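First comes the structure, then the notes that go with it.
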Amino acid sequence: MSNDNTGTFLNFTLRELAQGTATELKPFIEGIFENLLNQKAEDDDKPMSFQEACDWLNISRATMSDLIKRGEIPYKSLNPDNPKAKKFFLKSDLREWLKKNKVKTIQELKAGTYGKSSS
């Protein structure tokens, strides 16, 4: 065996073995990644009940009701004209609402960099 790190494995060099493995794994990994993205998209678009939305936000039903009455939380309704009609919520909407209502840190206020990336 030589000391130049070009050992063979079943008549393949380490480089050939690595390239062959990478070539075979790439479509497999891409498939898994695509599956995860599709599951996330489906999860974000799956309507949640009032209680599920409260649980996801970790807030009480009373707090959620107040936010809805003030028009702060986006929702879908089967009967928009009836305020007591069943309401549905999307995780994507709730996530966006959370981002918009983020409180600035002292460092962000002092630096004037809130919402900006530092370059």
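The values are calculated or read from the model by the stated rules, or taken from the named source; none is laboratory data. Since we're looking at a predicted model, the values are computed, not measured. Cβ atoms come from the backbone with ideal geometry, glycine included; neighbour counts cover every protein chain shown.
For the range 9-119, the helices (runs of 4 or more DSSP H) that sit wholly inside it and include 3 or more residues that are among the basic types (Lys, Arg) are 14-45, 91-100.
Among the residues of the range 62-86, the one identified as at pLDDT 95 or above and surrounded by fewer than 10 Cβ atoms within 10 Å (Cβ to Cβ) is Ala62.
Total residues in the range 42-56 satisfying the condition of being in contact with a helix residue (DSSP H, G or I) (Cβ under 6 Å, 6 or more places away or on another chain) and either more than 17 Å from Ser92 (Cβ to Cβ) or at pLDDT 95 or above (or both): the figure is 1.
For Lys91, indicate whether it is closer than 25 Å to Leu37 by Cα and surrounded by fewer than 11 Cβ atoms within 10 Å (Cβ to Cβ). Spell out how you get there, then give the answer.
Values: closer than 25 Å to Leu37 by Cα: yes; surrounded by fewer than 11 Cβ atoms within 10 Å (Cβ to Cβ): no.
No, not satisfied.
Would you say Ser77 is touching a residue at least 24 places away in the same chain (Cβ under 8 Å) and over 18 Å from the mean Cα position of the chain (by Cα)? First the steps, then the outcome.
Working: touching a residue at least 24 places away in the same chain (Cβ under 8 Å): no; over 18 Å from the mean Cα position of the chain (by Cα): yes.
So Ser77 fails the test.
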